[in-house]
Amino acid sequence: MRFERLTSLPRKPRRLRAFLGSLLTAFGAVTLPSFKQLASSRPWAILAALSTSACHAVKTAARAVTLNDVHSRLNSTTVASVAYPESTEELAEIIRAAKREGKSVSVSGGRHAMGGQQFGADTAHIRMTAMNDVLSFDREKGIIRVEAGIGWPKLMEYLKTHQEGSGPVWAIAQKQSGADELSLGGALSANAHGRGLRLKPMIQDVESFTLVNAEGEALTVSRAENPELFRLAIGGYGMFGLIASVDLRLVPQGKLKRVVELVSIDDLVDKVRERFDMNAQYGDFQYKTDTAAADFMRVGILSTYQPVPIDTPIPEAQKRLSADNWNQLLLLAHTNKSEAFERYSRYYLTTSGQIYWSDAHQMSYYNPAYDDYLRSAMPGYTDGSLMITEVYVPRLQIREFSAAVAEDARAHNFDIIYGTMRLIERDDESFLAWAKQDYACVIFNLRVRHTPEGIAKAQEDFRTIIDRALSFGGSYYLTYHRWARKDQVLAAYPQFPEFLKEKLRFDPQERFQSDWYRHYKAMFAEVLPSSATPAPG
Ligand SMILES: Cc1cc2nc3c(=O)[nH]c(=O)nc-3n(C[C@H](O)[C@H](O)[C@H](O)COP(=O)(O)OP(=O)(O)OC[C@H]3O[C@@H](n4cnc5c(N)ncnc54)[C@H](O)[C@@H]3O)c2cc1C
């Protein structure tokens, strides 16, 4: 299928982009120009790019390609090939071909997971980015059907521009915070969450989806149809099939007022209760990250968002940080964390009272090249990246947990660049549920040096944080790394061996594989059926 595209000219803009995407990926490039960008380039430049690339493409396409995740860049993986399907049928055909050839398949969307979930060494890799269309929109019910490679910005732009006339205006309920160019397929596969104060993880927003299974059949999966797969594939990291499209439940769009206050961790529970009484819908607590400061993790910016009448104007001149401002804050977060907190909190307090659309306020600034900026701006820069971990603790124990983990952070000299706390409601549906109860979520974004010692330290630091959360009856998120010890995996996810057995039941030939899966398969080898086929390349 990929070779077809390499020898024939693309039929439509999306195909052109996908075509260029496969070529650029083959050359190791990570960012695709948008079609708009291409169209605004001079025609000769496009033709030159096409012809030069096409010449090389035939030679290079069959070569293995090395891919990596965007944020941590710690998952460099060489896959056998990369395909950019554009329809469910193409996706199914890739799986049928992989079956015929005895190949295993891995799949990625935005490539933001950091535990090797989206790549498998020597797999036939599928990038979902060319499957990014809105397929239908039921304005009566508020359900939108999208291809699973679509990212949040395109989906939200569609909703913004296709809801004229009367009737309710629909919006997404939640998306991940911290980055926007994440795919819907990736969000379902991680069972992601946003900043909702009264929301469950993403599974709550899913009406149904189309799953291409290991036989290359497209199945409708919902709570009523193939319900086992509904529970397994959401939060199943691509191990039960390829999500081709998603029917996403929307919510009526509203307007919200941001309320910001500097709060001590001692008062956090009461303050959040107050905000609940004010009907706050979203929010978080961004804590001070300077381990040397006496109020490290004890003080933070509590910001919540509460509904206001829909005719409340949104002034043009509302404050927002520019890309430069964000970059400077990022630099300060590396070089002078207390100053970063002072500046950020001073600014954020001035935004209290600003009005936002309920969906738009969830968008965030993210610079995928953040480390290039640091390299150029930071004195004494050493090669590294940021890596996140997220743990969950019972809400009423947040103060005690923070005190304990702050001691750990000081003792082990954690380099925390950014940290936040949020809330999640219990997920009573997905098989591998991480929100096992109504939890407080505590997020640590740590700087990891790219040396063997630096990576070993990050592994230890993350294990220390997980141990601390587990000691409070908590849990942790599987998305960000695969560094948890076996006892930690089992404490947080006692059902993990069952999850692997279910994987083998639905996909006995292990068509869908990733390095993340192979890691856990090896970890739990003794409880898996000995007939499990060895992982094919
Ligand atoms: C800066 C940053 C901020 C983040 N913030 C949040 C947050 O606020 N909340 C949160 O919950 N998470 C957050 N995440 C994690 C993020 O939600 C997950 O990593 C999510 O899976 C990323 O989506 P993606 O499109 O990048 O998926 P990828 O990283 O490409 O893939 C992730 C998983 O999904 C699978 N997958 C992708 N597409 C498909 C498909 N079509 N069918 C089947 N499987 C598929 C992959 O195989 C892999 O297992 C954040 C990550 C970063 C780096």
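Laboratory data are not the source of any read-out in this text; all were calculated from the coordinates shown. What you are looking at is a predicted structure, and each value in this text was computed from that prediction instead of being measured. Glycine also receives a Cβ, built like all others from the backbone with ideal geometry; neighbour counts cover every protein chain displayed.
Across the range 255-492, Cα-Cα pairs more than 33 Å apart make up 19 percent of the total.
Among beta bridges identified by DSSP and lying wholly in the range 99-208, the antiparallel ones come to about 55 percent. With contacts taken as Cα pairs under 8 Å at a separation of at least 6 residues, the chain carries a relative contact order of 15 percent. Among M278, M378, a tally of other beta-carbon atoms within 10 Å of each Cβ gives an order, fewest to most, of M278, M378.
Full extension of the chain between R346 and T464 yields a length gain of 39.3 nm, computed as 0.36 nm times the residue separation minus the alpha carbon distance. When the helices of the chain are scored as -39500 (n - 2.57) per DSSP H run of n ≥ 4 and the total is divided over every residue, the value at 222 nm lands at -10500 deg cm²/dmol. Ranked by how many other Cβ atoms sit within 10 Å of their own Cβ, fewest first, the residues W483, W326 fall in the order W326, W483.
Counting neighbouring beta carbons within 10 Å and listing from fewest to most, the residues Y158, Y344, Y477 come out as Y158, Y344, Y477.
With 31 Å as the limit on Cα-Cα distance, the pairs of K200/K288; K288/K501; K103/K501; K154/K255; K271/K457 that go past it are K288/K501; K271/K457.
How large is log10 I(q)/I(0) at q = 0.08, 0.11 Å⁻¹ when the Debye formula is applied to the Cα atoms of the chain, each weighted equally and without solvent? For the chain at q = 0.08, 0.11 Å⁻¹, log10 I(q)/I(0) is -0.52, -1.03. When only alpha carbons are used to place a centre, the range 59-132 and the range 358-378 end up 25 Å from one another.
Within the shell defined by Cβ-Cβ distances under 10 Å, the residues around T289 carry a net charge of 0, with Lys and Arg each +1 and Asp and Glu each -1. Over all pairs of different C-alpha atoms in the range 320-397, the reciprocal of the mean inverse distance, the Kirkwood hydrodynamic radius, equals 15.0 Å. Annotation: the antiparallel percentage among DSSP beta bridges lying fully within the chain is about 90. Only aspartates and glutamates eight or more places from K337 in sequence, or on another chain, were considered; those with a Cα closer than 15 Å are D290, D295, D415. Partners of K175 within straight-line reach, counting aspartates and glutamates whose Cα lies under 13 Å from its Cα and excluding those fewer than 8 residues away in the same chain: D205, D359. Ignoring lysines fewer than eight residues from K99 along the same chain, the ones with Cα atoms less than 19 angstrom from its Cα are K503.
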